[in-house]
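Everything on this sheet refers to the single structure shown next.
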Amino acid sequence: MLNKILFLTQPLISIPSTRDNKKALNDVLDLVLKQVSDFTIERFEKDGYPSALVYHGKSRPKNFKVILNAHLDVVSGKDEQFKPYEKDGKLYGRGALDMKAAAFVLILVFKEIAQKVSYPLALQLVTDEEIGGFCGTKYQIEKGVRADFVLAGEPTDFGINNKAKGIIWLKIKTKGKSAHGAYPWMGKNALLLAKKILDKIEKQYPAPKKEAWQTTFNLAKIETSNQTFNKVPDEATIFFDIRYIPEEFSGKNFEKGKEVLTKKIKKIIGNLGKIEILLLEPPQFTDEKNLYILKLKQAIKKVLNKTPKIIVKHGGSDIRHFNQVDCQGVTFGPIGGDFHGDNEWVEIKSLERYYQIVLGFLINLDD
C-alpha cells in the first residue's frame, strides 16, 4: 500500500497547481479522477477553478453521511520544489504535506470503502482552498452538497482539529487637514490619527509573545498619498489581517456574530477613522464531544495506540464553509513539516497509518 501511495503521489507533486496556473489545476484534477473513474463524478467550475464530487450510485443523495475533502492546489514554490524526492523516511516537495499526499490517501480509502459501507460517502476534490475555497467547496455547497460530517486532510500531525480562527481583512481610513510641514499646528495629521488607532488596538489586542488562543490584529500595511516631507498628510489608510477566535461570538451564530464583531471594532476606532471590512470569514467549530469525533478518536487510538490530541488552528480551512450550513467537520492529516516553506515534507510511514485510521473510522461508522 505504501509503495502505491508514493508511486502515485509523486506525479501529483510534479504538477505546479498554483492559483495562477489554470491548466495545471485542471491537469491535477484530471489525473486523480482517473483513479475513481468507476464512480459517479460530478464536475463543477467557477471562475476557472474546477472541482469534483465523487460518489457511488447514479444520483447524488440529498445528504451524505461523510465527505472526504481534499484540495489539490498548492501555494507558489521554486521550480525545484515540484521535483519530489525521498530522504530519511520523508517525502519532500511542494504540496507533500499540504496536502497532495493526504489527498491521494483519501482517494485510496474512498475507492476501498465507498461501495462497501451502508451509508452515502463522497469524495470532494477542489483546486482553490489556498485562496479561500469560494469556487470549490463553497460553490458546491451553494449547489446543494451536504453532509453530516466532513473530514479534510489538512496537516495536523494526527491531531484532530475541531476549531480554527475566523478571518477579517479590515481597512481603516483617517482624514486630516493638509498644511505646510513647518506649520503642523495649522493642519491635522492623518498619520497621527492612525497612530492613535494603532495604540488603542494594541492596548485591547496586544500581540502575543508566544502561541496563544486569542484574537490577533496583524498590521499589514499603512499608506498615505503624501509623497513629500514638507506637508502634513491629510489622509492615511491602515490595513489589518484579524484572526478572531470563535469565542468572540459569545455563542451566537455567524450572522449575529458579525454584528458583535463589527460593533467591537467600531467601538475601538470611535470617530478616529472610517472602517471598511473587505473580508469577513467565519471561524471553524465542531464540538469535541461530537459523535464523529469520538469515533475518529477511537480509530486513531487503535492504530497509534495512544489517545489523539484535540487541537486548534490559527489559519482557516474549507470546513468553515460547511459549518455555516450546519455540517460538522474537522481537519485531520498525517505527520510532516514546513508546509508553505522551502523544505515541505511528509513522513512516509505516517501515510500508511493515515490510510488505516481513515479506513477504520469509516468502517466503524457502519456499526
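The values are calculated or read from the model by the stated rules, or taken from the named source; none is laboratory data. Just so you know, these numbers come straight off a predicted model, no measurement behind them. Glycine gets a Cβ as well: all are built from the backbone with ideal geometry, and neighbour counts include every protein chain shown. Ligands, DNA and RNA are excluded from the accessible area calculation, which covers all protein heavy atoms including side chains. Shrake-Rupley method; radii C 1.70, N 1.55, O 1.52, S 1.80 Å.
Remarks
- Three-way shape label, the stretch 190-268, alpha-carbon gyration tensor, a/c 1.5: prolate
- Calculated [θ] (222 nm, deg cm²/dmol) that DSSP helices of n ≥ 4 give over the chain, each run adding -39,500 (n - 2.57): -9500 deg cm²/dmol
- Among beta bridges from DSSP that stay inside the chain, the antiparallel ones total about 70%.
- Gain upon complete extension [ASP241, ARG19; 0.36 nm per residue less C-alpha separation]: 77.8 nm
- Loop-located chymotrypsin sites (Phe, Trp or Tyr not before Pro) in the stretch 172-219 whose Cβ has at most 15 other Cβ within 10 Å (DSSP): TRP213
- What the phi angles of the stretch 216-230 give under the Karplus curve with 6.51, -1.76 and 1.60, with θ = phi - 60°, is a coupling list of 10, 10, 9, 6, 8, 6, 10, 10, 8, 6, 5, 10, 10, 7, 9 Hz, glycine and proline written as x.
- Between LYS302 and ARG43, the contour length at 0.36 nm per residue exceeds the Cα-Cα span by 89.7 nm.
- DSSP-assigned coil residues among trypsin sites (Lys or Arg not before Pro) in the stretch 6-114, each with at most 10 further Cβ atoms within 10 Å: LYS58, LYS62, LYS78
- Solvent-accessible surface of the chain, taken per residue with a 1.4 Å probe and all protein chains present: 48 Å².
- Per residue, the convex hull spanned by the Cα atoms of the stretch 253-367 amounts to 150 cubic angstrom.
- Long pairs among LYS90/LYS210; LYS58/LYS143; LYS90/LYS309; LYS46/LYS138; LYS58/LYS116; LYS173/LYS231, criterion Cα-Cα beyond 21 Å: LYS90/LYS210; LYS90/LYS309
- Rough spin-label spacing in nm, given labels placed 7 Å along Cα→Cβ, for GLU202 and LYS267: 2.3 nm
- Accessible area of the stretch 1-154 belonging to carbon and sulfur atoms, whole % at 1.4 Å probe: 46 percent
- Spin-label model distance (nm) - VAL260 vs HIS314, 7 Å beyond Cα toward Cβ: 2.3 nm
- Restricting the stretch 222-264 to chymotrypsin sites (Phe, Trp or Tyr not before Pro) that sit in a DSSP loop and have at most 11 other Cβ atoms within 10 Å of their own Cβ leaves PHE229.
- Relative contact order %, the chain, counting alpha carbon pairs below 8 Å whose residues are six or more apart: 24 percent
- Shown here: the stretch 23-116, whose C-alpha atoms stretch 42, 34, 20 Å along the first, second and third principal axes, sorted largest to smallest.
- Ratio of Rg to Rh for the stretch 152-285: 1.09 [Cα atoms; Kirkwood radius as inverse mean 1/r over pairs].
- Cα coordinate range in the chain, projected on the principal axes (Å, largest first): 78, 45, 39
- Over 15 Å [Cα-Cα, the stretch 127-170], rounded percent: 61 percent
- In order through the stretch 257-265: 3J(HN,Hα) via Karplus (6.51 cos²θ - 1.76 cosθ + 1.60), integer Hz, x for Gly, Pro: x, 4, 5, 4, 5, 4, 4, 4, 5
- Cα gyration tensor shape for the stretch 225-300, rounded if a/c is under 1.5, else prolate or oblate: prolate
- Estimated FRET transfer efficiency when R0 is 25 angstrom, pair LYS87-PHE7 (beta carbons, to 0.05): 0.90
- Here the 3J(HN,Hα) profile of the stretch 268-275, calculated from phi with Karplus coefficients 6.51, -1.76 and 1.60 at θ = phi - 60°, is 5, 6, x, 9, 6, x, 9, 9 Hz, Gly and Pro shown as x.
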